[in-house]
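Trainee: Before we start, here is the structure in question, set down as structure tokens.
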Amino acid sequence: TARVALASSSATGSPPTATITVPSQVTCGVPRALTANVSDPNNDIVSTRWLVNGTLLASTVSSVTFTCTREIAVRVRDARGATTTAKKVVSCL
């Protein structure tokens, strides 16, 4: 007979946190780095991916040239599978 006691009701624990640091308004036609502050209570982030208007960008993409207003999002996943998505609307000046 084996007994298992769970310390948490969720196998994934607390999810990571993310805040997009790209300004809300950027200059049109100029490449802008995709930046965010990300953290995880267990320090085990395994993936940070960017989306523009809901489209997942290749993992090698680190900047975007804005030509009009876009919604950007960053999706952060930790080793336990917990995921957080932060979104922000960025307008073009």
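The values are calculated or read from the model by the stated rules, or taken from the named source; none is laboratory data. All of these numbers come straight from a predicted model, not from anything done at the bench. Here the Cβ is made from the backbone with ideal geometry for all residues, glycine too, and neighbour counts use every protein chain on show. Just the protein is used for accessible areas: all its heavy atoms, side chains included, with ligands, DNA and RNA removed. Shrake-Rupley method; radii C 1.70, N 1.55, O 1.52, S 1.80 Å.
Trainee: Place +1 on the Cβ of every Lys and Arg and -1 on the Cβ of every Asp and Glu in the chain, take the dipole about the Cα centre, and give the residue among Gly13, Leu51, Val30 whose Cα lies farthest towards its positive end.
Mentor: Leu51
Trainee: Given charges of +1 on the Cβ of Lys and Arg and -1 on the Cβ of Asp and Glu, with all other atoms neutral, how large is the dipole of region 17-93 about its Cα centre, in debye to the nearest 20? Could the numbers behind the result be given before it?
Mentor: Values: 8 positive and 4 negative charges, 32 e Å.
It comes to approximately 160 debye.
Trainee: Could you please state how large a percent of the accessible area of the chain is carbon and sulfur, counting protein chains only and using a 1.4 Å probe? Please list the in-between numbers first.
Mentor: Details: 2920 of 5870 Å².
So the carbon and sulfur contribution to the accessible surface is 50 percent.
Trainee: Another one. Note the full-extension length gain between Leu56 and Val38 as 0.36 nm times their separation in residues minus their Cα-Cα distance, in nm to one decimal. Intermediate values should be presented prior to the final figure.
Mentor: Values: separation 18, 0.36 × 18 = 6.48 nm, distance 1.80 nm.
Gain on stretching Leu56 to Val38: 4.7 nm.
Trainee: Using P(r) over Cα pairs in 10 Å bins from 0, in percent as the read-out, say which of (i) 16, 49, 31, 4, 0; (ii) 16, 41, 24, 12, 5, 2, 1; (iii) 17, 51, 27, 5 was calculated from these coordinates.
Mentor: Evaluating P(r) over Cα pairs in 10 Å bins from 0, in percent on these atoms matches (ii).
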